[in-house]
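Read the structure below first, then the notes.
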Amino acid sequence: MNNSAASLIDEVRRWADAREDIFAVALVGSYARAEARADSDVDLVIVCSNPSAYLTDLAWVAAFGGVGEASLEDWGRVQAARVIYRSGLEVEFGIAGIEWIELPPDRGTAGHASLRCRAR
């Protein structure tokens, strides 16, 4: 894992730990599978009590660096904010409600996530 990706993941983890409305942060995709390349994006899923709060105002993504570009994507059970930081790092912040971590996981998630949860 490159330093900028590892730094961002640690920053997101600390940020999420300070928020009562976030239940879990999952690292998914190529970084979770240890298959990331130099041009891979970082895929995170933030499981929270009110996903729309994170999707209607993307100002929170600036907590992790200078934002060059940000857009929303619809992935079904997960809505995503795709952010390209001025550093060049691209991050897909998936935003999901608690139902995302119910078992069994959807096929796209099964076997591809490294999940860190906090009990509430």
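Computed from the coordinates by the stated procedures, all read-outs in this text should not be read as laboratory data. Everything numeric here is computed off the predicted structure, so don't read it as measured data. Methodologically, a virtual Cβ is constructed for each residue, glycine included, from the backbone with ideal geometry; neighbour enumeration extends over all protein chains shown.
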Using the Cα centre as the reference, give the magnitude of the dipole from point charges on the C-beta atoms of the range 3-117 (Lys, Arg: +1; Asp, Glu: -1; all else neutral), rounded to the nearest 20 debye.
220 debye
How much length is gained on full extension from residue 74 to residue 56, taking 0.36 nm per residue of separation minus their Cα-Cα distance?
5.1 nm
